[in-house]
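Here the structure comes first, spelled out in C-alpha cells, and everything after it is commentary.
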Amino acid sequence: MAHPRLSEAKEKVLAAIRESASNTLVMVSGPTGVGKTTLCARIAQILTQEVSADLEADRATIPVVSINAVSPESGNFNWRDHFRRMLYQIEEPLVNYKRLPPGNGNRSTCSPAQAGTGRAGAEYCFAVEQALRFRHPKAVLIDEAQHFAKVRSGRRLLDQLDVIKSIADRTRTIHVLFGTYDLLAFRNLNGQLSRRSIDIHFQRYRAEEAGDRRIFASVLRSFERQLPFPEPPDLVKDWEYIYERTLGCVGVLKDWLMRALPTVLRAGRTAFGRKDLEPYALSVSQCDRMLSETLEGEIRLRETKDIRLRLRLRLGLSDDTESSAAVAREPVGVISGSQKPRRSRRLPGQRLPIRDRIGTTQVVMRGGLHV
C-alpha cells in the first residue's frame, strides 16, 4: 500500500540511482517496521519495468540484483557467504567452481582476509565483480544492511564499507543499502566515503505533527477498505491506541493486522475492532525499546542550528546572518580587494582599555624607589 512517506523515500532512491554519475552508495535508514523491505521490493519492481523493453535485445542483462545481508553466526560478517548468495541470486553458473585467473590474484577488490575465509572468498568476490560487469544491472539492492556492521573490531567498519564501495566503483554499479538506524555506524567514516554516498531517511509518522496524524488516519482508512468484511471496520476511532503500539510505522501496523485477522476469519465473525487487535499487539516494553532506538537514530540524523553554527565557525564564517547578508551585497571588488588598514587613535605607549587583575599589588615608581 502506497503512502506519502513510502512514496517520498521511493522517489529519492530512484533519483539517486538514475543520477549515479558521482555516487556509488545510497544508505536508506529508518526505524524497524517502517517499510524498508517493502520499499526495496518496490524499487526492484520499478527498475525491472523500466528496462523490460531492452531485455528482449540483450538476454544477458539482469535489471536489478536484490539480496539480504545475512546476520553472521560467529559475530563477524561472512563476506564469502554473502558473495555466494549474490552469485546464486544472479543465477551465475558453476558457483562452486570459481577460480581467480592465473597470475592475476591481485585483480580482486577483496583481499583473502576481507573476503571471508581464505582465498576462496577472494575468488567469489572476483566472480561477483565479473558478473556485475557483464550483466550490468541498474543497481544492487541490499536489505538488512546493518548486518555489515557486525564485526569484532570497530576499526574494521571502514574495511567493510570499502569492500562495497570498491565493487561499486569497479563495476560502475550503484549499491543501495537498506537498514535500521544501526546502519548509521557507516556514516562519515572518512571524507571520501561521505562525498560518494547519499543518506536517505525513511521516517515514521510523528504524532506531534498535525499533518502526520491526518496521514496516519488516512492509512488506517485504507487498511479498513482492504479487510475482507462486508462492512469496513472503524479503526480510526482507536487511532491513538494503534499509534501507541506501532510508533507510527506502517510496516508494524500491517504485520499486526496480518496476525490478528486469521483468528477472526476462522471464527466466522464479520466484525473487527480493538478487542481483536489487543491480543496480538506488541507489549509496552517492546514498544518502549523500539522507541528508544528510533529516537536515538532520529537525533543522529537531525541537523540542528548549533551543529550548523559549529561548522560555520570551523570554516571561518561569521555566525551573524545579518553580517553575512551584508557581505553578500558588497561588490566583488570590495570583497576581494585589499582595504586600507584603520589607523589607531591611541597615542604611542597608551594602554589598551582593559581591566587590571584583581588581587595584585600596584607598583608605583617615585624617584627610582618602589612604593
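Taking every Cα-Cα distance in segment 4-201 and sorting them into 10 Å bins from zero, the calculated P(r) comes out as 9, 37, 38, 15, 1, 0 percent.
Inverting the mean 1/r over all pairs of different Cα atoms, compute the Kirkwood radius of segment 166-269 and quote it in Å. For segment 166-269, inverting the mean 1/r across all distinct Cα pairs yields 17.1 Å.
Step through the table entries K12/K36; K10/K138; K12/K237; K138/K165; K36/K254; K10/K305, compare each Cα-Cα distance with 23 Å, and write down the pairs that go over it.
In this structure, K12/K237; K10/K305 exceed 23 Å between Cα atoms.
Since only A69, S20, W79 are under comparison, the one whose Cα sits farthest along the positive direction of the charge dipole of segment 4-201, derived from C-beta charges on Lys, Arg, Asp and Glu, is W79. Please work out, to two decimal places, the log10 of the ratio I(q)/I(0) at q = 0.12, 0.15, 0.17, 0.22 Å⁻¹ from a Debye calculation in which every Cα of segment 210-301 carries one identical scatterer. Those come out to -0.40, -0.60, -0.75, -1.16, one per q. Sorted on the mean count of surrounding Cβ atoms within 10 Å across their residues, most packed first, peptides 144-152, 308-316 read 144-152, 308-316. With both labels modelled 7 Å from their Cα along Cα-to-Cβ, the L227 to R302 distance reads 3.4 nm.
In a simple Cβ point-charge model (Lys, Arg +1; Asp, Glu -1; nothing else charged), segment 4-201 has a dipole of about 480 debye relative to its Cα centre.
Where a number appears in this text, it was derived from the coordinates with a stated rule and is not lab data. Computed from a predicted structure; not experimentally measured. All Cβ positions, even for glycine, are placed from backbone atoms using ideal geometry, and neighbour counts span all protein chains on display.
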